[in-house]
1. How large are Rg and Dmax for the chain when only the alpha carbon atoms are used, in Å?
2. How much length, in nm to one decimal, is gained on full extension between L396 and N741, taken as 0.36 nm per residue of separation minus their Cα-Cα distance?
3. So which lysines pass the test for K495, namely a Cα distance under 20 Å, with those fewer than 8 places away in the same chain ruled out?
4. Taking just the C-alpha trace of segment 667-762, give me its Rg and Dmax in Å.
5. If the chain between V638 and E834 were fully stretched, how many nm would it gain, using 0.36 nm times the residue separation less the Cα-Cα distance?
6. Name the residues whose placed amide hydrogens come within less than 5 Å of the amide hydrogen of K92, ignoring near sequence neighbours (fewer than 5 apart) on the same chain.
7. Whose amide H sits under 5 Å from the amide H of L578, counting only residues 5 or more places off or on another chain, with H placed in the peptide plane?
8. Can you compute the FRET efficiency between I156 and I241 using 1/(1 + (r/R0)^6), with r the Cβ-Cβ distance and R0 = 22 Å? Round to the nearest 0.05.
Amino acid sequence: MSAFNRSLSPLTAAVLLALSGWAVADDANDEFEFNPYFMSLDSQQRIDLTRYNQDLTPVGTYRAELIVNGRRIGRDEVSIKDRLVDGKAISKVDVCIKRNTLSALDINVEKLSAEAQTQINDAKPDSCLALNQLLPENSVAFDANDLTLNLDLPEIYLIQRPRGYVNPEQWDQGITAATLGYNLNASRTHYGNKDYDNLYGNLNAGFNLKGWYFRHNGIYTKPNDSSGDYNNINTFVQRDIAAIQGRLLVGDANTKGELFDTLSFRGAQIANEEQMLPNALRGYAPVVRGSARTAAKVVIRQSGDIIYEKNVAPGPFEITDLYPTGYGGNLDVTIEEADGSSQNFQMPYASTSNLLRPGTHHYSLTYGKLRSSWLKSEPVLLEGTYRRGINNSLTLYGGVQGNEDYQAIQGGTSIGTPIGAFSFDVTHAKTKLGEAWGVDQGSMSGQSYQLKYSQNIESTGSNLSVAAYRFSTDGYMDFTTGMSTREVMSNGYNKDWIRRAKNRLSVSAAQTLPEDYGQFYISAWQQAYWNDDRTDRQYQFGYNNRFKSISYGLNMTRSQDGYGKAQNTYMLNIMVPLDNLFGFNQMGITVNRGPDSTMNEQVFVNGTAGEDRQYNYNINAGMTRDGREDSRSTSLVVNGSARTPYTTVNALAGAGKGYETYSAGLSGAMVAHSGGLTLTPYSGDTYALVEAKGAKGAKMVSYPGIKVDSFGYAVVPYLTAYQMNDVEISPKGLSNNVELNLTRQKVAPYSGAVVKVSYDTTVGYPALINAPMANGKALPFGADVYDEQDRHIGVVGQGGRLFARVPAMEGKLKVIWGDAVDQQCSLSYLMPKEANPEQDNVIKFNSVCQ
């Protein structure tokens, strides 16, 4: 075999192509040939340069980026092969890809020639298809310098796809791996001459096996002087099915909540997975905002179950990382302060419109048992829902829900109009009350009429969302109310112990004001009951604006529970940038007036430090005045965190009138795989496992603090499922002895997958060797350099100097510039004693090639 039929390394290709400045296109009309004598110092010393002629990219297999009409598809193998005519190679090459790679390019095969269609249809999945023979002339260009394959095709030859589309064949199920995300915290509060200790742990464990993803999420709490309690939030296994754009889930989960309220269940569910749709075809968990007076713990519940818990510093907070909890069902938020007090509020949670794009549909089918901390029993739950977009203006939907003792059926429609989007549906429900006091109590039935409206007026910056629920009869109950009523009656209580909703109205609106006058928002929520004269209400008004670089906001909230007790809260926030003054980035001021005229004022400064901003710190000073007792107290809290390459460490210390509090914690994740155990300071669900052997210290671009560890691995979190993600590695921080042959790849993982992304490295010492031949003549320009294992490691450059990445401090090299015996030589080398491979960019020395 000719030495030049070998695959060239990226290093060789880069050097040669940079010097000769060419890229290969298919079937060019103008052919030319390099003069081999022109590139030799000796006119009689001919070098084989046929591989550099037009249409003769070095034969071999490359991992190149595929680009179709400027759209980056991903990276895959591209083969450059000699074109054969009557079994003999001619002076042209073919650009080949595998049959299963061709499908990812979205080429409309039906628009190609009949001969091309036959070749493609008859090809095996791993067959190599010559693109420049199948596609229109001059539409294929392979650049070995940039390692890109560009296809420039008329749109007629392409299948039209929406923006953000990724071919399902490119979705990656990932490798077999185990994951564990953790958030651990230990705290101690000294209050009332007594210490109160608390341990908290949030664990998110997973195991992935051939497209099956096992998950467990749980919370461990151990309050002071009590045994620990572990709450299983959910345990399940899921598998995403591309053919139906859906997900099969078995275990603990929530119903979708699109038509009926969200319910927690244990059982099985199959439902559409909207993430599988391209971005252009997609449409939720709410953002929870509040303000803590002290170093506090925020607890969020839905249907009585804890779904989130977090320690926060004094001042305003914003929680944006709730697990998706469906489209309906209020959230109960509790702020547990360090001084023993607590704040409570309810967050209404309802979407406003069920419109879908034409031809798309949403579906779900759930069977299992209801999981609710409000019920001792676990009633069976069966629920099925379906929505379909008929056209741009009309969506129809319906669903059923129930069991042997409860049945509900719903039908509705969503309509888009120039004045906004409307949806209207009717639900009929029947509940068997069961037996109480030895007598069958019969059943109750009724209807619920629901109207929703939403409108966003971009020209005026107005957004209006209205959701109205009216329960027309006393006999209507939703599933949870029906099951609760049955249970209390079976225990000897009257059915009116459980309140039955009569009507509910929620309104929210936001308005951006002209010029620089800011934005305000309002929201209101009210619910009345058939069997209770009391009404629940909540109103909120807010205003936000900026003055130059200073931002400020005002929020007012009034809530009234079913007992008629009203609470008013007013909050003013001011944020001032400090431009790293004394190491601080920002100063904030918060003034909060709560119920009973209690005033709380907070002033804080925060900052970041470190090359990767891996250190965060905050100092908070506060003062509270009790309007009832005319007393005041002050507090001081200092907290910070440090993100290492393996975990994130946080600590807090605070003191106020009558109390002291301290806490420390760790957060991050670990991934166990066939190559070992890899740690990361970030916790997510969908990861890339980067493998780059020998590249210890290399940084992952866009993920501060993540570096390749000493075993050659790094974990990149927060990948977007079913979309192309750039996973890029930076050579910054690498030893000079290591070269990355590739620095960026694209992956489209399944949701929950651990995708392996491998980067080949060349390990060795960069050397520039002046090695003339034994006869004193210079080595030919472009000659290849091989090590003792016959690996291609370098090339001869101008002046006959040899550049190679040699594998050891001493050894032997072979230089080849043709097939003849007199077109190759060998040299021995020994690095100079004064050479410092760890610091020198290139080590220079002399030798002789014999």
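No value in this document is a laboratory result; all are computed from the given coordinates. In this text, all values refer to a predicted model and were calculated from it rather than measured experimentally. All Cβ positions, even for glycine, are placed from backbone atoms using ideal geometry, and neighbour counts span all protein chains on display.
1. Gyration radius and largest Cα-Cα distance of the chain: 34.0, 114 Å.
2. Gain on extension, L396 to N741, equals 118.9 nm.
3. Straight-distance partners of K495: K376, K430, K432.
4. Just the Cα atoms of segment 667-762 yield Rg and Dmax of 12.3, 37 Å.
5. Details: separation 196, 0.36 × 196 = 70.56 nm, distance 5.12 nm.
Using 0.36 nm per residue and subtracting the Cα-Cα distance, I get 65.4 nm.
6. Hits under the 5 Å cutoff: R83.
7. Hits under the 5 Å cutoff: Q586, M587.
8. On the way: r = 32 Å, r/R0 = 1.47.
Efficiency computed from Cβ-Cβ geometry: 0.10.
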